[in-house]
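In what follows, a single structure is set out as structure tokens and then discussed.
The values are calculated or read from the model by the stated rules, or taken from the named source; none is laboratory data. Model, not experiment: these values are computed from the prediction. Positions of Cβ are backbone-derived with ideal geometry, glycine not excepted, and every protein chain shown enters the neighbour counts.
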Amino acid sequence: MSADSIRGVKLSSVTLPLKTAISDAKVFTGRQKPMTEVAFLFAEISTEQGLEGIGFSYSKRAGGPAQFAHAKEVAEGLIGEDPNDIGRLITKLQWAGASVGRSGLATQALAAVDIALYDLKAKRADLPLAKLLGAHRDSVRTYNTSGGFLNASLEEVKERASRSVEEGIGGIKIKVGLPDNAEDIRRVRGVREHIGDEVPLMVDANQQWDRSTALRMGRRLEEFDLVWIEEPLDAYDVEGHARLTQTLDTPIATGEMLASVAEHERLIHGGACDIIQPDAPRVGGITQFMRLLTFADQKGLDLAPHFAMEIHLHLAACYPREPWVEHFDWLDPLFNERLETQDGRMLIPDRPGLGITMSEQARAWTVDSVEFGKL
């Protein structure tokens, strides 16, 4: 096959409204307002040979328009390039915006492009992305998060947990970190008794405990046989997380808030978790995520990527150790396809690439867009 070249790039800023205002511990500690929407940056790339790739990044609360603005400044540099040279192209875009660094918002803006290029490459090979990258399995353990937020009553959380298990989702995660520690324990106990000992259960404090509270709560939570305690401390408190990892029997999970591979390296080398939770859109896309997996595997860590199951299902399938993927139904309106769950696992779709296409509803929610070249 002769060399291909990028003909067109389209960037879209899409705002997804949530059905219910969402609250985790950060709301109850007064640090954030309830979340009512999620901002997405979509990148669509087309080539002279007629192939198309799609990728996305996102921001909860602030940052979405800024991601779009940064991508808009550098994306034109893709036109005329060979889409197969993903590493070279991402490096080119990094240098185009070098003054704002290689982490955080700038990295997240490039993630949408990186993911779109991988989607396109897998479609060229007529393979699901997981197969292109080198899968270890055809399905991944999955757990539900979207039903366990703190804005829901305990009875609502229990009802949603039952529904998730009935839908073939394997585990249940609920939010903790309320100012009232006793209420956290009451909710965890209520869910554990409701779903039984055989269903995997996780909790997530969303960084809202200090070191002493995290240690005390970690010890109190031991009786519930949790799969992990997530983000008990500030995301950048490597030393504090390392102490919990060494002291508690329950595994510690963290990493979702980190915005570069370098930040994850510090976490990993500091022995600060048992389970690493990187987010491909936040660390710069698939290129960076796969680098991170090598470090994590070398340290013997388990993997549970954060959010964006449409992307992370494929990446988790490539990890040598049995991972988890987080099930969120929030993004369903954005895509024409649905991921299948069965017997506690999420199945890799047989569609080429990521296996997703933007819905007409997603197009309708577009608040800004720009095109380079010819789509």
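Values for this structure:
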{"item": "Pick from the range 103-126, criterion out of contact with any Leu (no Cβ under 9 Å at 6 or more places or on another chain) and not in a helix (DSSP H, G or I), ranking: farthest from I311 (Cα to Cα)", "result": "G104"}
{"item": "Looking only at the range 118-136, and only at residues there that are crowded, with 23+ Cβ neighbours inside 10 Å and over 18 Å from L293 (Cβ atoms), the one that is farthest from the chain's Cα centre (by Cα)", "result": "L120"}
{"item": "Members of the range 229-274 found to be of a type outside the set (D, E) and within 16 Å of A25 (Cβ to Cβ), listed by number", "result": "I229, P232, L233, A235, A253, T254, M257"}
{"item": "Criterion: among the basic types (K, R) and either under 30 Å from W95 (Cβ atoms) or assigned by TED's automatic domain parsing to the domain that holds W95 (or both) - qualifying residue of R243, R187, R282", "result": "R282"}
{"item": "Tally of residues being more than 16 Å from S146 (Cβ to Cβ), in contact with a helix residue (DSSP H, G or I) (Cβ under 8 Å, 6 or more places away or on another chain) and not in a loop (DSSP other than H, G, I, E, B) across the range 305-340", "result": "3"}
{"item": "Enumeration of residues in the range 166-197 that are more than 26 Å from the chain's Cα centre (by Cα) and either farther than 15 Å from L154 by Cα or of a type outside the set (G, A, S) (or both)", "result": "P179, D180, N181, E183, I185, R186, R189, E193, H194, G196, D197"}
{"item": "Near pairs, Cβ below 7 angstrom, 6+ apart or cross-chain, from the range 206-217 (more than 21 Å from F149 (Cα to Cα)) to any residue that is crowded, with 23+ Cβ neighbours inside 10 Å", "result": "R211/L233; L215/L244"}
{"item": "Filter result (among the acidic types (D, E) and either within 19 Å of T29 (Cα to Cα) or modelled with pLDDT under 95 (or both)) within the range 198-216", "result": "D204, D210"}
{"item": "Any hit, the range 311-323, residues being under 14 Å from the mean Cα position of the chain (by Cα) and modelled with pLDDT under 95", "result": "no"}
{"item": "Set E76, E81: member being assigned by TED's automatic domain parsing to the domain that holds T366 and part of a loop (DSSP other than H, G, I, E, B)", "result": "E81"}
{"item": "Subset tally (residues that are among the charged types (D, E, K, R), under 27 Å from N84 (Cβ atoms) and crowded, with 20+ Cβ neighbours inside 10 Å) for the range 253-311", "result": "3"}
{"item": "Residue in the range 341-357 that is farthest from the chain's Cα centre (by Cα), counting only those that are within 13 Å of A116 (Cα to Cα) and part of a loop (DSSP other than H, G, I, E, B)", "result": "P352"}
{"item": "Any hit, the range 317-332, residues being in contact with a Phe, Trp or Tyr (Cβ under 7 Å, 6 or more places away or on another chain), under 28 Å from E223 (Cβ atoms), buried (at least 21 other Cβ atoms within 10 Å of the Cβ) and not hydrophobic (A, V, I, L, M, F, W, C)", "result": "yes"}
